[in-house]
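Student: Below is the structure I would like to discuss, written out as structure tokens.
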Amino acid sequence: MPVRAFRMSLNPGRAEEYRKRHDEIWPELIDALRTAGVRDYRIFLDPESLALFAVLTHDDEHLLDELPRLAVMQRWWQHMQSIMPSHRDASPITVDLLPVFSLNRD
């Protein structure tokens, strides 16, 4: 199963708000992620650097590529733009992470 990992950042003092917004994630966004084949999506925070590390497993790369075109995704980006560095279209600034080690039981 394919895996994507990437890094984002938070603006200072916004960690609790970031957590709160994800605790209240919109059901229609969850549906869109699942429809795009997302099986597991985890985001970790380094509180010292305010770096967010995201890892997601998914079924189909092409379905994931459709997410940015969805209205719900664009609304989510607008909702999150005030608490994290973002591009002009409100999408979060991300840096892809390169795999260097994996230990699987499979």
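The values are calculated or read from the model by the stated rules, or taken from the named source; none is laboratory data. Nothing here was measured: the structure is a model prediction, and the numbers come from that model. Cβ atoms come from the backbone with ideal geometry, glycine included; neighbour counts cover every protein chain shown.
Student: Among the residues of segment 46-54, are any among the hydroxyl-bearing types (Ser, Thr, Tyr) and modelled with pLDDT of 95 or more? So that I can check it myself, show each step before the final result.
Tutor: Taking segment 46-54 first, the residues among the hydroxyl-bearing types (Ser, Thr, Tyr) are 49.
The next check asks that each one be modelled with pLDDT of 95 or more; those that pass are 49.
Yes, the conditions are met somewhere in segment 46-54.
Student: Residues 53, 44: which one is out of contact with any Cys (no Cβ under 9 Å at 6 or more places or on another chain), closer than 22 Å to residue 1 by Cβ, in contact (Cβ under 8 Å) with a residue 40 or more places away in the chain and not acidic (Asp, Glu)? Before you say what the answer is, go through the steps one by one.
Tutor: Working: 44 fails: in contact (Cβ under 8 Å) with a residue 40 or more places away in the chain.
Testing whether each residue is out of contact with any Cys (no Cβ under 9 Å at 6 or more places or on another chain), closer than 22 Å to residue 1 by Cβ, in contact (Cβ under 8 Å) with a residue 40 or more places away in the chain and not acidic (Asp, Glu) leaves just 53.
Student: Regarding segment 66-73, can at least one residue be identified that is over 13 Å from the mean Cα position of the chain (by Cα) and acidic (Asp, Glu)? I'd like the intermediate steps shown before the answer.
Tutor: Filtering segment 66-73 down to residues over 13 Å from the mean Cα position of the chain (by Cα) leaves 66, 69-72.
After this cut, where a residue has to be acidic (Asp, Glu) as well, the list is 66.
Taking every residue of segment 66-73 in turn, at least one turns out to be over 13 Å from the mean Cα position of the chain (by Cα) and acidic (Asp, Glu).
Student: Okay, next question. Being in contact (Cβ under 8 Å) with a residue 24 or more places away in the chain and over 17 Å from residue 92 (Cα atoms) is true for just one of 62, 58. Which residue is that?
Tutor: Values: 62 fails: in contact (Cβ under 8 Å) with a residue 24 or more places away in the chain.
Of 62, 58, the one residue that is in contact (Cβ under 8 Å) with a residue 24 or more places away in the chain and over 17 Å from residue 92 (Cα atoms) is 58.
Student: Could you list, ordered by first residue, the pairs with Cβ atoms under 6 Å in which the first is in segment 78-97 and in contact (Cβ under 8 Å) with a residue 12 or more places away in the chain and at positive phi and the second is of a type in the set (Phe, Trp, Tyr) and not in a loop (DSSP other than H, G, I, E, B), at least 6 apart or interchain?
Tutor: So the pair list comes out as 90/77.
Student: Need pairs with beta-carbon distance below 6 Å; first residue closer than 26 Å to residue 59 by Cβ and within segment 11-34, second at pLDDT 95 or above and of a type in the set (A, V, I, L, M, F, W, C); sequence gap 6+ or separate chains.
Tutor: 28/72; 29/72; 29/76; 32/70; 32/72
Student: Can you list the helices (runs of 4 or more DSSP H) found entirely within segment 3-106 that contain at least 1 residues being surrounded by 11 or more Cβ atoms within 10 Å (Cβ to Cβ) and of a type in the set (Lys, Arg)? So that I can check it myself, show each step before the final result.
Tutor: Values: elements: 15-23, 27-35, 61-64, 71-80.
Hits in segment 3-106: 15-23, 27-35, 71-80.
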